[in-house]
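Written below as structure tokens is the structure these notes are about.
Bear in mind that the values in this text are calculations on the coordinates, not laboratory data. Remember, it's a predicted structure, so these values are computed and weren't measured experimentally. Positions of Cβ are generated from backbone atoms using ideal geometry, with glycine treated the same way; all protein chains shown enter the neighbour counts.
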Amino acid sequence: MNDKEIRAWQLECQAKDLIKKMEKRGFNAVYTPTAEEAKTAVLGLLPTEGVIALLGSQTMNQLGVYADLRTSGRELVDHATQTKGLTPEEAHNYRRRAFTAEAMLASANAVDADGRLYNIDGVGNRVASMIYGPNKVVLAIGMNKLAPTPEEAWRRARNTASPMNNKRIDKPNPCVKSGRCHDCQLPSSICNYFTTIDRSLPEGRINVVLIGEEFGY
């Protein structure tokens, strides 16, 4: 086996172990070695009817899932493209529509070796919808987001995902200069809601597609 094949083997072994632990926590989880397979799996999990909410996710963007859905004719709640030009109140009311969607799509900032999901959110619409509202949640998560412990999962969320997201949207926060979290407590912070999802309730509501390639922040 060459180095690439050995790495793929290791990731698959890790994913199989992780899936067993996630299933015990009520999640539906599958492993897809490639981006193409991940995209197919995500789209295959969506209901054929009803509103789909597209919540903030670089993973879904990088997979091309959101681009496909935006040209699919499906009814979407898509705050990334549909809140421009709205007042803060109008944007807030638009985002709330995600709670009544049939399904929502997103990712997670980290997952620990026992299958818990970790997220940091700005206004809370993404994590709130994961927890309550849509009948189905579909999350695509690259294996690069796997952390061995809860402490390491939070470290990844704070010092990898958050600074990169701040940089992506050009926020005037200190992490954009240093590349690490400063716990800044500024009005411009996008790190306001920290959540751990320990279990899916009802069982099977949260669906996780693990990807054997590096995706997202």
Dimensionless Rg ratio for the chain, taking C-alpha atoms and the 2.2 N^0.38 Å reference: 0.99
Dipole axis of the chain (+1 Lys, Arg; -1 Asp, Glu on Cβ), positive-most option in Asn61, Val209, Thr40: Asn61
Total formal charge among the other residues, if their Cβ is under 11 angstrom from that of Gly64, Lys/Arg +1 and Asp/Glu -1: 0
Burial ordering of Arg70, Arg205, fewest other beta-carbon atoms within 10 Å first: Arg70, Arg205
Tensor-based shape of the range 11-108 (alpha-carbon gyration tensor, a/c under 1.5 rounded, otherwise prolate or oblate): prolate
Mean Kyte hydropathy of 1.6 or more with a Cα span along the axis of at least 24 Å, helices from DSSP in the chain: none
Charge sum, other residues only, whose C-beta stays under 12 Å from Tyr193's C-beta, Lys/Arg counted +1 and Asp/Glu -1: 0
Charged-residue dipole, Cβ positions (Lys, Arg, Asp, Glu), the chain about Cα centre, Debye nearest 20: 420 debye
Lys/Arg +1, Asp/Glu -1 at C-beta; the range 1-151 dipole; positive extreme among Thr83, Pro148, Gly133: Gly133
Taking Asp17, Asp114, Asp121 and counting other C-beta atoms within 10 Å, the order from fewest to most: Asp17, Asp114, Asp121
FRET efficiency for Leu186 and Glu37, using Cβ-Cβ distance with R0 set to 45 Å, rounded to 0.05: 0.65
Projected label distance in nm at Lys21 and Arg168, using a 7 Å step from Cα toward the beta-carbon: 2.5 nm
Environment charge at Ala147 (Cβ cut-off 9 Å; Lys +1, Arg +1, Asp -1, Glu -1): 0
Debye, to nearest 20: dipole size of the range 104-217, +1 on Lys, Arg Cβ, -1 on Asp, Glu Cβ: 320 debye
Packing-based exposure ordering (other Cβ within 10 Å, fewest first) of Ser162, Ser107: Ser162, Ser107
Listed pairs Lys20/Lys136; Lys24/Lys136; Lys20/Lys167 exceeding 30 Å between Cα atoms: Lys20/Lys167
